[in-house]
Amino acid sequence: MRFLRRRQGLLDAVVFSGGEPTLQDELKQAIAEVRALGFKIGLHTGGSYPSRFVGLLPLLSWVGMDIKAPFTDYGKVTGTPASGEKARESALLLLASGVPYEFRTTVHPLYHTPDSLLQLAEELQQLGAKRYLLQEFRSQGCTDETVSLYSARELLDDAICGRIGAMFENFSVRRA
């Protein structure tokens, strides 16, 4: 907070991220304190805790939500049963809130196929999403050698990106 007080008037916003910031019991209080200093507030989340997320939404200026896979396939990526249901619930809460957002999926060949990416895009479109971003997996910092060996570039070809892009008002691909 001392650092942020010194940055008032110099910085516009503070983004809370982490692993999953909504795991932190004091997140709402921290956001309120930073917001009281006049900063806009961003949050990066996977939507794992919709009951906590809903209470944060009125305090947020922007949300970047990671959507890992089609909601029925979430357990394959997260290793946690029913995690897709929680992510879907959080996505619906976000869309209903009116808070500006970005849904994004980090694409990796171990977890995605062209068909699963299309299915996920269709699910988001059906929820009412207007903004979606696909990003290539980057191996930098990844300690799992099996995961690091793969590139997502072949999954993000012009054909699949064109089909997905046509579903959203705002679509982009973030290359590694």
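The values are calculated or read from the model by the stated rules, or taken from the named source; none is laboratory data. Here the structure is a predicted model, which is why all the values come from computation and not from measurement. So basically every Cβ, Gly included, is an ideal-geometry build from the backbone, and we count neighbours across all protein chains shown.
Details
- Filtering Glu33, Glu26 for residues that are in contact (Cβ under 8 Å) with a residue 12 or more places away in the chain and more than 30 Å from Gln119 (Cβ to Cβ) leaves a single hit, Glu33.
- Members of region 76-99 that are of a type outside the set (A, V, I, L, M) and surrounded by 14 or more Cβ atoms within 10 Å (Cβ to Cβ): Lys76, Thr78, Ser83, Gly84, Lys86, Arg88, Glu89, Ser90, Ser97
- Complete set of residues in region 69-123 that are farther than 26 Å from Glu154 by Cβ and either acidic (Asp, Glu) or not in a helix (DSSP H, G or I) (or both): Thr80, Pro81, Ala82, Glu85, Glu89, Gly98, Val99, Pro100, Tyr101
- Near pairs, Cβ below 8 angstrom, 6+ apart or cross-chain, from region 158-176 (closer than 23 Å to Gly128 by Cβ) to any residue that is in a loop (DSSP other than H, G, I, E, B): Phe168/Ala129; Phe168/Lys130; Glu169/Lys130; Asn170/Lys130; Val173/Leu156
- Condition check for Asp66: acidic (Asp, Glu), touching a His at 6+ places or on another chain (Cβ under 8 Å) and surrounded by fewer than 20 Cβ atoms within 10 Å (Cβ to Cβ): yes
- Filter result (within 17 Å of Ile67 (Cβ to Cβ) and out of contact with any Ser or Thr (no Cβ under 9 Å at 6 or more places or on another chain)) within region 132-160: Leu156, Ile160
- Total residues in region 108-125, condition of a type in the set (A, V, I, L, M, F, W, C) and crowded, with 20+ Cβ neighbours inside 10 Å: 4
- Complete set of residues in region 29-39 that are surrounded by fewer than 15 Cβ atoms within 10 Å (Cβ to Cβ) and either in a helix (DSSP H, G or I) or touching a Pro at 6+ places or on another chain (Cβ under 9 Å) (or both): Gln29, Ala32, Glu33, Ala36
- Out of Gly128, Gly162, Gly141, one residue alone is loosely packed, with under 15 Cβ neighbours inside 10 Å and farther than 17 Å from Val107 by Cα. It is Gly128.
- Filtered residues of region 144-157 (kept if buried (at least 19 other Cβ atoms within 10 Å of the Cβ) and not in a helix (DSSP H, G or I)): Ala152, Leu156
- The single condition among (1) in a helix (DSSP H, G or I); (2) buried (at least 19 other Cβ atoms within 10 Å of the Cβ) that Leu134 does not meet is (1).
- Listed by first and then second residue, the pairs with beta-carbon distance under 8 Å, at least 6 apart or on different chains, first residue in region 51-77 and touching a residue at least 40 places away in the same chain (Cβ under 8 Å), second of a type in the set (D, E, K, R) and not in a helix (DSSP H, G or I), are Ser61/Lys40; Trp62/Lys40; Trp62/Glu102; Gly64/Glu102; Gly64/Arg104; Asp66/Arg104; Ile67/Arg104.
- Options Gly18, Gly9, Gly55, Gly46; residue that is touching an Asp or Glu at 6+ places or on another chain (Cβ under 6 Å) and either closer than 25 Å to Gly128 by Cβ or at pLDDT below 95 (or both): Gly46
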